[in-house]
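Take a look at the structure below.
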Amino acid sequence: MNSWIEAMRPRTLPVSVAGVLAGVACAIFHGQFIILPAICCLLFALLAQIVSNFANEYFDFRNGLDRKGREGFRRGVTEGDISPGAMLRATIITLLLAAIPGCALIIWGGWWLILIGLIVAVFALAYSAGPYPLSHHGLGDIAVVIFFGLVPVGFTAWLMTGTTSILPQALAIGTGVGLLAANVLIVNNYRDMDDDAAVGKHTTVVLFGRPAMRRLYLCFSCAGLLLLCAPAWSGHPLCILPLVMLIPAWRNYRRLATHRGALLNDDLRRTAMLLLLATLLLLAESLTSLI
């Protein structure tokens, strides 16, 4: 059981929760909140991320990109704790489970959401699989901004309000969430740079080096937190609470200069929690707007 829980990568799951919470906050700022689509969006986002994590572990093992004793979190398939066949079956089953809350969203958004769900499913697998895996060619960061930022924030907000007038604000906040989520991937790849370079996996850290990606981490932190304050630009002047997270963001940035190997596992967790806490502050501010 512990091996399966580790394969889900629970330290990174706050990333998918944050996107939905930010979308809920957008809807509340526009005076709307419907609990059932919010729950369905949250379940779909969590299960889709677990699908991507399971697929990443299976396909990286199959393609010989993982080795035993790696610096990162323990890989159950590579270490022999989980068989490759069991991981593949778990990936398929979790994908089918994700389809349940995904299809339920048709009630609020219409049948065309099936297409969106299929696109999300394809990219969840394409991150590690297929003829051109995104994570192997420096495109993982862009995929994270889109599918952990823009998509969950935009669609959650739209499903609860039913209006496209919310999209400009959702676009700004979604970009902010996506940039902060990309920082989680930066720390992950920062830790794995040597292992990835040895097997020809061209992450952005391998392509541009640790110093450049450390500076990008700081830029993403500042830009992401500023974008989470987007409601302040449109009639909610007190919506600057996420900016308090600049302090831990700076501390995380400083740690990257000295930490290597397993020490970065804690930095990855801190980065994911920074995003979650920032969106919780945004959500809290949206609730005060109802008073």
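Of the helices (runs of 4 or more DSSP H) that lie entirely inside region 146-210, those containing 3 or more residues that are open to solvent by 10 Å² or more (accessible area, probe 1.4 Å), of a type outside the set (Val, Ile, Thr) and under 30 Å from Leu263 (Cα atoms) span 167-191, 193-198.
Can you confirm whether region 5-19 contains a residue that is modelled with pLDDT under 90, surrounded by fewer than 22 Cβ atoms within 10 Å (Cβ to Cβ), out of contact with any helix residue (DSSP H, G or I) (no Cβ under 9 Å at 6 or more places or on another chain) and not in a helix (DSSP H, G or I)? No. Summed over region 26-42, residues that are at pLDDT 95 or above and touching a Ser or Thr at 6+ places or on another chain (Cβ under 6 Å) total 1.
Cβ-Cβ distances below 7 Å connect the following pairs, each with a first residue in region 74-102 that is in contact (Cβ under 8 Å) with a residue 60 or more places away in the chain, a second residue that is assigned to a helix (DSSP H, G or I) and of a type in the set (S, T, N, Q), and a separation of six or more residues or different chains: Gly76/Ser3; Asp81/Ser3; Ile82/Ser3. Before we move on, is Ala284 under 25 Å from Ala38 (Cα atoms), open to solvent by 10 Å² or more (accessible area, probe 1.4 Å) and in a helix (DSSP H, G or I)? Yes.
Only one of the listed residues (Gly224, Gly261) is small (Gly, Ala, Ser) and at positive phi. That residue is Gly261. Remark: pairs (first residue in region 248-266, more than 16 Å from Leu216 (Cα to Cα) and modelled with pLDDT of 90 or more; second residue open to solvent by 60 Å² or more (accessible area, probe 1.4 Å) and among the small types (Gly, Ala, Ser); Cβ separation under 8 Å; 6+ apart in sequence or on different chains) are absent.
Filtering region 43-57 for residues that are at pLDDT 95 or above, open to solvent by 50 Å² or more (accessible area, probe 1.4 Å), more than 22 Å from Cys239 (Cβ to Cβ) and out of contact with any Phe, Trp or Tyr (no Cβ under 8 Å at 6 or more places or on another chain) leaves a non-empty set.
With the condition kept exactly as written, say whether any residue in region 215-225 is closer than 19 Å to Ala284 by Cα, hydrophobic (A, V, I, L, M, F, W, C) and touching a residue at least 24 places away in the same chain (Cβ under 8 Å). Yes.
The values are calculated or read from the model by the stated rules, or taken from the named source; none is laboratory data. Computed from a predicted model, the values in this text were never measured in an experiment. FYI the Cβ positions are ideal-geometry reconstructions off the backbone, even for glycines, and counts take in every protein chain you see. Remember, those area values only see protein heavy atoms, side chains included, never the ligands or the DNA or RNA. Shrake-Rupley method; radii C 1.70, N 1.55, O 1.52, S 1.80 Å.
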